[in-house]
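Since every read-out is calculated from the coordinates, none of them should be taken as a lab result. These numbers come from a predicted model, not from an experiment. All Cβ positions, even for glycine, are placed from backbone atoms using ideal geometry, and neighbour counts span all protein chains on display.
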Amino acid sequence: MGAVYLPSQFGVIFLPLANVQVKPGDKLRITCRYSHIGQADSQPLYAAIGNEGWAGFDEVLHGSKTISMPEDASWNYHEEYVDITITTAISAGFYDLYAKIGGTFPKVISPSLLDVVEVMAETPESEFGEISITDYAKV
Amino acid sequence: MAQYADIVEIVAPGEAAGGSRVDITVRIKNKHSSTIGIMAGGALEYGVSPWPGITFPDLSANVDGGITRSFSGYFTMSDKRVIIHAYSYYYGSDGYWHFDDEMTKTINLTEEIESEFGSIAIISYQRR
């Protein structure tokens, strides 16, 4: 089970996160909380499914969208989401998640959540195995 | 030292953002014993020549003896620190406006913080 530590006025909140099961055709909506100060800005919010490793995060699927944040005279928290479309490009198994704000040179990167996404195998197409008569009666 | 139209105060913010409208008030006292015509004026010093002016919608007024009158004005803040120069004039019996007093006040440029991000965390994820 994944978990995230969030700063709050009471210190740090430990927020446990359950695994989610997805299959090709689904969308995974990832909601992020970020802190911002300064002038109003627009930046890409980017999230990816993949595998965290010693060499970094090996992305398999990702989603992004441009988000706008207002001018913040002091540090303020905002929440936004981004969707990742699950395709057949990802095979069944458990995967990690991370998110970031910014383009090629990220402004801020989230901690990775490990093994929180379980990709299920695609449901096979309709297929019939056998048939047999189980009863017969006058109607 | 003013002869008749004594500038008592310039009311203005200590700082303003570049490009924003800055509203000011110049308070001028009639030191004369009877009513005279008083006019306000102003200019902005921030490194350009000639100094840009300050707009006063009601430039002048007849002010009773011993009374202080407020003249409201405004200007657009430059991208540098600005020194306001406020001037007063009185209307003489010769039919001319006479320069009388000057006061200055500095308005600093508000420092704008560029956009900056502190942290980001994934707080939920769900299948749609």
Rounded to the nearest 0.05, what FRET efficiency is calculated for residue A:19 and residue A:91 with R0 set to 22 Å and r the Cβ-Cβ distance? 0.85
Loop-resident chymotrypsin sites (Phe, Trp or Tyr not before Pro) in the stretch A:73-129 with no more than 13 other Cβ atoms inside 10 Å, DSSP not H/G/I/E/B, are A:128
How do B:21, A:33 rank when sorted from fewest to most other Cβ atoms within 10 Å of their own Cβ? B:21, A:33
Label point distance in nm, residue A:54-residue B:8, each placed 7 Å from Cα along Cα→Cβ: 7.9
Whichever lysines have a C-alpha closer than 21 Å to that of residue B:29, once near sequence neighbours (fewer than 8 apart) are set aside: B:105
Taking θ = phi - 60°, what integer Hz values does the Karplus form 6.51 cos²θ - 1.76 cosθ + 1.60 yield along the stretch A:120-133, in sequence order, with x for Gly and Pro? 8, 5, 5, 5, x, 5, 4, 8, 10, x, 7, 9, 8, 6
Members of A:23/A:65; A:27/A:107; A:27/A:100; A:65/B:80 lying beyond 28 Å, as alpha-carbon distances in this model show: A:65/B:80
Would you kindly derive the ³J(HN,Hα) couplings of the stretch B:90-97 from the backbone phi angles with the Karplus curve 6.51 cos²θ - 1.76 cosθ + 1.60 (θ = phi - 60°), listing them in order in whole Hz, with x for Gly and Pro? 10, 8, x, 5, 7, x, 10, 7
Arrange B:26, A:119 by Cβ neighbour counts within 10 Å, fewest through most, would you? A:119, B:26
Straight distance only, please: which aspartates and glutamates reach the Cα of residue B:31 with their own Cα at less than 18 Å, same-chain residues fewer than 8 apart left out? B:6, B:9, B:64, B:100, B:101, B:102
Excluding same-chain residues fewer than 8 positions from residue A:138, which lysines have a Cα within less than 17 Å of its Cα? none
Hey, got the average number of other protein chain Cβ atoms within 10 angstrom for residues in B:34-42? 0
Determine the principal axes of the Cα atoms in the stretch B:1-92, then give the extent along each, sorted from largest to smallest and rounded to whole angstroms. 43, 22, 22
In whole angstrom, and with the biggest value first, how far do the Cα coordinates of the protein assembly as shown range along each principal axis? 125, 59, 39
Within chain A, which is the longest segment that contains none of the GluC sites (Glu not before Pro) sitting in a DSSP loop with at most 10 other Cβ atoms within 10 Å? A:1-124
With just the Cα atoms defining each centre, how far is the stretch B:76-128 from the stretch B:1-43? Give it in Å. 17
What is the ratio of the Cα radius of gyration of the stretch A:19-119 to 2.2 N^0.38 Å, with N the residue count, to two decimals? 1.13
List, largest first, the extents of the alpha carbons of the stretch A:99-139 along their principal axes, each in whole Å. 76, 20, 19
